[in-house]
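One structure is given below, encoded as structure tokens.
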Amino acid sequence: MQAMLYRRYGGPEVLRLETVAEPAPGPDDVQVQVHAASLNAADAYLLKGEPALLRLSSGLRGPKRPILGADIAGRVVAVGGRVTQFQPGDAVYGDLSGFGFGGFAEYVCAPERALALKPERLSFEQAAAVPLAGVTALQALRGGGPVTAGQQVLVHGASGGVGTFAVQLARSFGATVTAVCSTRKVELARSLGADHVVDYTQEDFTQSDRRYDLILVVNGSRPLTAYRRALRPGGCCVVAGGAIPQILTATLLGPALSLAWGVSVRNVLAQPSQTDLTFLSGLLEAGEVVPVVDRCFPLRELPEALRYRAAGLASGKVVITMEHTGG
Ligand SMILES: NC(=O)c1ccc[n+]([C@@H]2O[C@H](COP(=O)([O-])OP(=O)(O)OC[C@H]3O[C@@H](n4cnc5c(N)ncnc54)[C@H](OP(=O)(O)O)[C@@H]3O)[C@@H](O)[C@H]2O)c1
């Protein structure tokens, strides 16, 4: 099969299209013919091997697992003897970040708990855009307790992979949603159902009088003190991504800051979850949440796709498609 491999850490230029053996399913595995895969921040971090601590698990001298790609959508071609949930021919999607990655290839094997049936109304390209970003958005929104109707929720970094799901999910839970993004993505944020959109190049939401029950930090680099100012008493700031200092502060000092400030501050590290993915499937099937695919690239153009994403040009997700020319 064809796959994109990296044999050393570096930029997109270290990736090579190679012909390698198809992975064979173990007794608990599902073998999937990948039709589409999507890019996530995790792929860029692993490719570079940065932050350096990451190499403790990804390989000290070089990458232990040479094929990146967490999010996949495709068709089941074979199943191991102990697999009960899927059979050959099923269209599936899933997040392999907890199971060795490997999605930037024509075939991949994964345990069945990494997968769910693909919502029928989604194309493979749309489905590949969902698992990691969608589940992260869901778990982050729940990180402050359940989002309830009438709550004021602000999503900082609303126009990327995680943010576009977070805006739609918060809306579907009945919250009043404020999306923070750059000028050229304002219309996108409105189209996703945001009640208010703040263009961060024009306005600093932490300086306005509006207060929020939940601030979900997906991107951006404001200090936690600024978010605190924009929270209602008893509100919650959940940090999922963005600048490293704010992530570290929320992780290490979140409990102490929560006690001192009378609001809750926490970091969320999302975990792949078949239950959460299946929950999303229901909303996707109902059309309440729609994946935002900015652009598709063929597998051989993965380096260009990574550069495009890193430039911050994408609205929503960047997707890789497989050609399956045989073999
Ligand atoms: N905690 C977890 O488990 C977890 C899981 C997945 C991802 N993450 C993290 O979450 C973050 C977002 O991931 P993603 O997949 O959504 O990335 P993405 O698709 O690349 O989205 C990035 C978006 O952030 C926006 N942005 C960039 N600079 C900004 C700024 N200064 N202020 C506000 N928005 C800004 C950009 O939109 P504009 O052009 O509108 O600025 C861009 O569309 C990353 O830091 C990633 O590492 C965490």
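The values are calculated or read from the model by the stated rules, or taken from the named source; none is laboratory data. The structure presented is a predicted model; accordingly, all values stated were derived computationally and were not measured. As a convention, Cβ positions derive from the backbone with ideal geometry for all residues, glycine included, and neighbour counts pool all protein chains shown. Just the protein is used for accessible areas: all its heavy atoms, side chains included, with ligands, DNA and RNA removed. Shrake-Rupley method; radii C 1.70, N 1.55, O 1.52, S 1.80 Å.
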Query - Scope the stretch 251-275; condition touching a helix residue (DSSP H, G or I) at 6+ places or on another chain (Cβ under 8 Å), within 11 Å of the ligand (Cβ to nearest atom) and without any contact (Cβ under 8 Å) to a residue 40 or more places away in the chain; matching residues - result: Asn267
Query raised in the report: Which of (1) touching a strand residue (DSSP E or B) at 6+ places or on another chain (Cβ under 8 Å); (2) aliphatic (A, V, I, L, M); (3) under 20 Å from Gly11 (Cβ atoms) is the odd one out, the single condition Ala44 does not satisfy?
Result: (1)
Query raised in the report: Of all residues in the stretch 176-191, which are surrounded by 24 or more Cβ atoms within 10 Å (Cβ to Cβ) and more than 11 Å from the ligand (Cβ to nearest atom)?
Result: Val177, Thr178
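Conditions tested, residue by residue: (1) within 30 Å of Ala127 (Cβ to Cβ); (2) open to solvent by 20 Å² or more (accessible area, probe 1.4 Å); (3) modelled with pLDDT of 95 or more; (4) touching a Phe, Trp or Tyr at 6+ places or on another chain (Cβ under 8 Å).
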site: Pro223; (1), (2), (3), (4): no, yes, no, no
site: Leu231; (1), (2), (3), (4): no, no, yes, yes
site: Thr275; (1), (2), (3), (4): yes, yes, yes, no
site: Val289; (1), (2), (3), (4): yes, no, yes, yes
site: Asp294; (1), (2), (3), (4): yes, yes, yes, no
site: Leu299; (1), (2), (3), (4): yes, no, yes, yes
Query - Thr278 more than 16 Å from the ligand (Cβ to nearest atom) and among the polar types (S, T, N, Q) - result: yes
Requested in this report: Determine whether Gly235 is more than 12 Å from the ligand (Cβ to nearest atom), touching a helix residue (DSSP H, G or I) at 6+ places or on another chain (Cβ under 7 Å) and open to solvent by less than 30 Å² (accessible area, probe 1.4 Å).
Outcome: no
Report summary line: Within the stretch 18-40, residues being open to solvent by 50 Å² or more (accessible area, probe 1.4 Å) and not in a strand (DSSP E or B) number 5
Query raised in the report: Residues of the stretch 113-171 being within 16 Å of the ligand (Cβ to nearest atom), over 25 Å from Ala310 (Cα atoms) and open to solvent by 10 Å² or more (accessible area, probe 1.4 Å), which ones?
Result: Arg142, Gly143, Gly144
Query raised in the report: So which of Val79, Val92, Val108 ends up being in contact (Cβ under 8 Å) with a residue 24 or more places away in the chain, crowded, with 20+ Cβ neighbours inside 10 Å, out of contact with any Cys (no Cβ under 6 Å at 6 or more places or on another chain) and more than 18 Å from Ala129 (Cα to Cα)?
Result: Val79
Query raised in the report: From the set of residues in the stretch 52-64 that are open to solvent by 70 Å² or more (accessible area, probe 1.4 Å) and either charged (D, E, K, R) or outside any helix (DSSP H, G or I) (or both), which is farthest from Ala133 (Cα to Cα)?
Result: Arg61
Query raised in the report: Limited to the stretch 298-325, what total is found for residues that are over 27 Å from Ala170 (Cβ atoms), in contact with a helix residue (DSSP H, G or I) (Cβ under 6 Å, 6 or more places away or on another chain) and within 15 Å of the ligand (Cβ to nearest atom)?
Result: 3
Query - Selection within the stretch 238-249 - open to solvent by less than 60 Å² (accessible area, probe 1.4 Å), over 18 Å from Tyr200 (Cβ atoms) and at pLDDT below 95 - result: Ile247, Thr249
